[in-house]
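Novice: Structure incoming, see below.
The values are calculated or read from the model by the stated rules, or taken from the named source; none is laboratory data. These figures come from a predicted structure and were not determined experimentally. Cβ: placed from backbone, ideal geometry, glycine included. Neighbour counts: every protein chain shown. Just so you know, the surface numbers come from the protein's heavy atoms only, side chains and all, with ligands and any DNA or RNA stripped out. Shrake-Rupley method; radii C 1.70, N 1.55, O 1.52, S 1.80 Å.
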Amino acid sequence: MNIQFNPDREFDLIAIGRACIDLNAVEYNRPMEETMTFKKYVGGSPANIAIGSSKLGLKAGFIGKLADDQHGRFIEQYMRSLGVDTSNMVVDEEGHKTGLAFTEIKSPEECSILMYRDDVADLYLEPSEVSEDYIKKAKVLLVSGTALAKSPSREAVLKAVQLARKNDVKVIFELDYRGYTWQSLEETSVYYTLVAQQSDVVVGTRDEFDVMENVTEGNNEATIKQLFNYSPELVVIKHGVEGSYAYTKNGETFRGQAYLTKVLKTFGAGDSYASAFLYALISGKGIEAALKYGSASAAIVVSKHSSSEAMPTVAEIEQLIAERTETADQLR
């Protein structure tokens, strides 16, 4: 099964949600208490996916709200410099600030993120600031789960989803669960389920699907059985180093192997996976290829210092896939 996208659209993908600042520790293998230097990048899952998609050659746009400060201007300028359309990024006029994420790289297995997300501009995107004329120019609307955590951003996203469905725009829901922005698991489950049921493609880790279903140790069969009663045509469930599974509504199952690599840090994998997976899907390469592209892209980004700046090109992804395929053939 291949998902059909409307070909007569100006944008391949428009993402909605947070764009913030990542401050990644320059000094590896030490706790943040002892870290003295950090390097600044654009961050935030939907922003990273828009950047990654643009670097892969897709025409990407972004809907979000930026603080009226130096960080907000840096984000807009950086995204625009990489080809992301920023015409629907709104500047906040009420003094809200840019979200900050400090990252700690203790070891490849021990990475943590210290988030400053109180009163951040991206969660103040108003429904009135979401344009139907803009959304209907896209093949895909990419929704990030964190944008559902608070009003008015929550209502802005729900409006965007309604407009996408009205205008034959495929809705891709990247679960992107960040516990610190939510009041409770029950609240998260309500809004994640609401959006997942209206989406065409749902992507997340097994843990994130557990949060959506408000269960512990959920299983893939139960997840897809429930979701396929609604709009989704494709559900992608990631299991870390065990790889990922893609399930289609017509009963197909695809298994994607994880590409093992020399890991520097664990964050950024999900965003790079999503951008390359969507690139392959939108380009008509099929679901099996999309799983390979996603895994290869994730492997590249976790081996590098940043998330947004490390987003690979198509050539880099295809080179890694070719190398790993050749190695696998030699081992047979």
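Novice: Condition first: part of a loop (DSSP other than H, G, I, E, B) and either buried (at least 21 other Cβ atoms within 10 Å of the Cβ) or at negative phi (or both). Now tell me which residues in region 174-217 satisfy that.
Specialist: Across region 174-217, the qualifying residues are 175, 176, 177, 178, 182, 183, 184, 198, 199, 200, 215, 216.
Novice: Further question on the same structure: Kindly indicate the residue of region 97-124 that is among the hydrophobic types (A, V, I, L, M, F, W, C) and modelled with pLDDT of 90 or more and also surrounded by the most Cβ atoms within 10 Å (Cβ to Cβ) among those meeting that condition.
Specialist: Among residues in region 97-124 that are among the hydrophobic types (A, V, I, L, M, F, W, C) and modelled with pLDDT of 90 or more, the one surrounded by the most Cβ atoms within 10 Å (Cβ to Cβ) is 121.
Novice: Could you list all residues from region 264-284 that are at pLDDT below 95, open to solvent by 20 Å² or more (accessible area, probe 1.4 Å) and part of a loop (DSSP other than H, G, I, E, B)?
Specialist: 264, 266, 267
Novice: Sticking with this one: Out of 80, 73, 18, report the one residue that is open to solvent by less than 40 Å² (accessible area, probe 1.4 Å) and of a type in the set (D, E, K, R).
Specialist: Sole residue among the options that is open to solvent by less than 40 Å² (accessible area, probe 1.4 Å) and of a type in the set (D, E, K, R): 18.
Novice: Please verify whether residue 226 is in a helix (DSSP H, G or I) and either closer than 30 Å to residue 25 by Cβ or small (Gly, Ala, Ser) (or both), treating the condition exactly as stated.
Specialist: Spelling it out, it is not the case that residue 226 is in a helix (DSSP H, G or I) and either closer than 30 Å to residue 25 by Cβ or small (Gly, Ala, Ser) (or both).
Novice: Condition first: free of Cβ contacts under 8 Å to residues at least 12 places away in the same chain and of a type in the set (A, V, I, L, M). Now tell me which residues in region 20-36 satisfy that.
Specialist: Scanning region 20-36 gives a single hit, 36.
Novice: Among 249, 262, which is the only one that is among the charged types (D, E, K, R) and touching a Ser or Thr at 6+ places or on another chain (Cβ under 7 Å)?
Specialist: The match here is 262.
Novice: Spot the failing condition for residue 94; the list is (1) more than 24 Å from residue 73 (Cβ to Cβ); (2) open to solvent by 40 Å² or more (accessible area, probe 1.4 Å); (3) touching a helix residue (DSSP H, G or I) at 6+ places or on another chain (Cβ under 9 Å); (4) part of a loop (DSSP other than H, G, I, E, B), and only one is missed.
Specialist: Checking residue 94 against (1) more than 24 Å from residue 73 (Cβ to Cβ); (2) open to solvent by 40 Å² or more (accessible area, probe 1.4 Å); (3) touching a helix residue (DSSP H, G or I) at 6+ places or on another chain (Cβ under 9 Å); (4) part of a loop (DSSP other than H, G, I, E, B), the one that fails is (1).
Novice: Within the set of pairs 6 or more residues apart or between chains, which connect a residue that is closer than 25 Å to residue 279 by Cα inside region 155-184 to a residue that is polar (S, T, N, Q) and in a strand (DSSP E or B) with Cβ atoms less than 7 Å apart?
Specialist: 174/144; 176/144
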